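Here's the structure, in structure tokens; my notes come after.
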Amino acid sequence: MYTVFQYGLPKAIVDDLLNGTLKNESSDRWMIISNQYFLIRGEIRIPVKNLKQAEFLSFLSWIMVDYDDFKKYIDCLERNSNSSYKHHGTLVSEIHGFAISSGLKVVYEFQGISRFPLVTIEKNETEISKAQVEGWDKKQYLKFLKSFYHPDQANISV
């Protein structure tokens, strides 16, 4: 069982797309911005421990990749490929609850067309990297949910 949160692009990029400064082509899985930036949507998972059943939080987020990796990704989608491969990219989305997320280096793993690529934050000292490696206990999980759904009560202990 898992809980999914979707994250878009940073506000500055969205504003430029809306006012026409930047042009884009997109689907629910990929985006090209001004023929310069190539993004794919991937899934970051944070395991949650000490619950009755296995659980993790899933963050659907945008990853910037280079042109060749983007072409390979699109080719796999178009061929309905179920191959698996790993590549590097940069997290573009700002993830709620983490002071630093956008700009972090990641590894993403294409897992076939039926799933979003699985994204692993490259090991560093950020909260999101530690959470992905160590997981969260029930208290951390509930605190995150409260801050997301009830931001006015985020500092109330759980």
- Task: Might you let me know whether the stretch 115-132 holds any residue that is buried (at least 17 other Cβ atoms within 10 Å of the Cβ), out of contact with any strand residue (DSSP E or B) (no Cβ under 9 Å at 6 or more places or on another chain) and of a type in the set (A, V, I, L, M, F, W, C)?
- Result: no
- Query: Restricting attention to the stretch 114-123, does a residue exist that is in contact with a helix residue (DSSP H, G or I) (Cβ under 6 Å, 6 or more places away or on another chain), in contact (Cβ under 8 Å) with a residue 60 or more places away in the chain and either in a helix (DSSP H, G or I) or closer than 28 Å to Val14 by Cβ (or both)?
  - Reply: yes
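Results for (1) closer than 21 Å to Thr120 by Cβ; (2) at pLDDT 90 or above; (3) aromatic (Phe, Trp, Tyr); (4) part of a strand (DSSP E or B), shown as yes or no for each residue.
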residue	(1), (2), (3), (4)
Phe5	yes, no, yes, yes
Asp16	no, no, no, no
Phe38	yes, yes, yes, yes
Ile44	yes, yes, no, yes
Phe59	yes, yes, yes, yes
Asp69	yes, yes, no, no
Asn80	no, no, no, no
- Query: Within the stretch 16-41, how many residues are out of contact with any Gly (no Cβ under 8 Å at 6 or more places or on another chain), surrounded by 12 or more Cβ atoms within 10 Å (Cβ to Cβ), within 28 Å of Leu145 (Cα to Cα) and not basic (Lys, Arg)?
  - Reply: 2
- Any idea which of Ile44, Ile13 is over 20 Å from Gly97 (Cβ atoms) and buried (at least 16 other Cβ atoms within 10 Å of the Cβ)? Ile13
- Query: Do we find that Asn50 is assigned to a loop (DSSP other than H, G, I, E, B) and out of contact with any helix residue (DSSP H, G or I) (no Cβ under 7 Å at 6 or more places or on another chain) in this structure?
  - Reply: no
- Message: Between Gly89, Gly97, which is modelled with pLDDT of 90 or more and of a type outside the set (D, E, K, R)?
- Response: Gly89
- Only one residue in Asp75, Asp28, Asp68 is over 29 Å from Lys130 (Cβ atoms) and within 16 Å of the chain's Cα centre (by Cα). Which one? Asp28
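The values are calculated or read from the model by the stated rules, or taken from the named source; none is laboratory data. All values derive from a computational prediction rather than experimental measurement. Backbone-built Cβ (ideal geometry, glycine too); neighbour counts: all protein chains shown.
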